[in-house]
Amino acid sequence: MKYRLLTGTSLKVSEVGFGLWTIGTTMWGVAGDDYTTGVGLLRKALNLGINFFDTADVYGDGKGETLLAQAFAGRRDEIVIATKFGYDFYNHPGVQPGQRERPHSWTPAYIRTACERSLQRLQTDRIDLYQLHNPRLDAIRNDEIFETLDALKREGKILTYGTALGPAIDARQIDEGIATITERHAPTQIIYNLLEQMLGEKILPVARAAGNTNVFVRVPHSSGLLEGAYDTTTTFDKNDHRSFRVTNDEKRKAWLLDGLKKVEQLGFLTGKTGRTIGQAAIQFILTDTAIGSVLPNIYNERQLTEFAADTPPLTANELAGVARLHASNFGLPA
């Protein structure tokens with residue numbers, strides 16, 4: 001495992017991190033109140049060299065944070081914790097109908113309360129990276145929010161802060177990511193992968209030019225398409241988050257079939273290269289020096305071992321091949 005410096009700190013984070021969304025919620029991955037599986041995966045991740053764990057207070061209404069505390073009791077200094085705030089799940093508990101977003105609260109009082117409760121659930125005295133959870137541009141440009149965050153830094157309750165953009169890919173996030181980097185001089189988290197490059201192709205050059213901030217990437221496997229396990233018969237449970245990507249079965253099937261056609265054309269990244277498609281997807285992202293860490297969806301031990309393994313980086317020719325395919329939308333209708 002290799003490591004990169006976390007912006008604004010002296011901490012180094014593993015190039016492959018662990019996002020707790022899959023084990024902290026019932027939307028994909030470990031379901032219900034099964035803590036044993038999640039704790040086991042987290043501990044194995046640390047044994048494999050993964051030290052960066054990204055969660056949110058809203059994941060399972062606190063479950064993601066309590067999982068970390070349970071998994072790493074007595075080992076706080078061995079890990080780097082990122083969590084998020086902004087969604088008021090205290091007044092809007094549980095998964096919302098249609099998995100819609102809960103209301104945000106950005107008041108100084110709420111931020112302080114959210115931070116204190118996260119510290120309690122995490123059983124720690126500090127949060128290494130505290131992220132605004134899916135903020136809009138007006139929040140990123142709200143000085144009162146960042147004055148509160150700066151105060152929390154001075155008090156030692158957080159080491160640094162940034163934004164995590166979403167929930168799904170939206171063009172507005174380009175402006176949000178750029179504002180985070182250029183106006184707040186802070187790291188940001190985006191969705192970016194071999195198949196979905198819209199945000200990265202605009203935000204990453206700005207981060208490289210700034211030279212002093214990280215971009216963290218989630219959904220590196222395009223909601224599972226780049227894990228190498230899907231085929232034309234794959235279906236999703238009605239509670240699975242991917243069932244909400246589109247509004248009807250015909251479009252949902254088109255998303256899957258088009259995705260599989262694109263993945264098939266990426267075969268040159270595997271084969272005799274010594275990589276799986278899942279590993280190639282991670283290496284594609286890590287090619288960029290602005291990247292802090294990649295956060296794959298991890299929900300079983302086999303997958304964890306695969307993603308954490310030492311893997312050959314992509315070559316210049318392979319990157320050029322990816323660029324040509326992406327520029328042509330893999331030869332599919334736009």
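Rg/Rh for segment 278-317 stands at 0.98; both radii use Cα atoms, and Rh follows the Kirkwood definition. Each peptide among 42-55, 320-333 gets the average number of other Cβ atoms lying within 10 Å of its residues, and from highest to lowest they stand as 42-55, 320-333.
Can you tell me which aspartates and glutamates have their Cα less than 15 Å from the Cα of Lys253? Leave out same-chain residues fewer than eight positions away. Leaving aside aspartates and glutamates fewer than 8 places away in the same chain, those within reach of Lys253 are Asp231, Asp237, Asp240.
One equal scatterer on each Cα of segment 65-109, no solvent, Debye formula: the resulting log10 I(q)/I(0) at q = 0.28, 0.34 Å⁻¹ is -0.98, -1.23. When each of the peptides 173-183, 120-130, 201-211 is scored by how many other beta carbons lie within 10 Å of its residues on average, the order from highest to lowest is 173-183, 120-130, 201-211.
Global size of the chain: 19.0, 56 Å for Rg and Dmax (C-alpha atoms, Rg to one decimal, Dmax whole). Taking 7 Å steps out from each Cα toward its Cβ at Asp143 and Thr315 produces label points 5.4 nm apart. In straight-distance terms, cross-link reach from Lys272 covers every one of the lysines whose alpha-carbon lies under 25 Å from its own, apart from those fewer than eight places away in the same chain; here that gives Lys2, Lys261, Lys262. Give me the tail of P(r) for segment 167-222 as a percent: Cα-Cα pairs with distance above 14 Å. More than 14 Å apart: 45 percent of the Cα pairs in segment 167-222. Straight-line cross-link partners of Lys12 among the aspartates and glutamates, defined as a Cα under 16 Å from its Cα and at least 8 positions apart when in the same chain: Asp54, Asp77, Glu78, Asp128. Label separation (Asp77 vs Arg302): 3.9 nm, computed from points 7 Å beyond Cα along the C-beta direction. What is the percent of Cα-Cα separations in segment 5-139 that go past 18 Å? Cα-Cα pairs in segment 5-139 separated by more than 18 Å: 54 percent. A Förster radius of 22 Å combined with the Cβ-Cβ distance from Asp258 to Lys202 puts the calculated FRET efficiency at roughly 0.45. Phi angles across segment 3-8 convert, under the Karplus curve 6.51 cos²θ - 1.76 cosθ + 1.60 with θ = phi - 60°, into 3J(HN,Hα) values of 9, 10, 6, 7, 3, x Hz, Gly and Pro given as x. Once a ≥ b ≥ c are taken as the square roots of the eigenvalues of the Cα gyration tensor of segment 84-153, is the result rounded (a/c under 1.5), prolate (a/b larger than b/c) or oblate (a/b not larger than b/c)? Because a/c hits 1.5 or more and a/b fails to exceed b/c, segment 84-153 counts as oblate.
Put simply, the amide H of Ile158, placed in the peptide plane, has neighbours under 5 Å in Ile127, Lys153, leaving out anything fewer than 5 places away on its chain. Ordering 15-21, 263-269 by mean Cβ neighbour count within 10 Å, with the highest value first, yields 15-21, 263-269. In this calculation the C-beta distance from Tyr90 to Glu183 is compared with R0 = 30 Å, giving a FRET efficiency of 0.55.
Both radii were evaluated on the Cα set of segment 101-238; the Rg over Rh quotient, with Rh as the Kirkwood radius, amounts to 1.02.
Rule-based calculations on the coordinates, nothing more; no lab input. If you're wondering where the values come from, they're calculated on a predicted model, not measured in any experiment. Neighbour counts run over all protein chains shown; Cβ positions are idealised from the backbone, glycine included.
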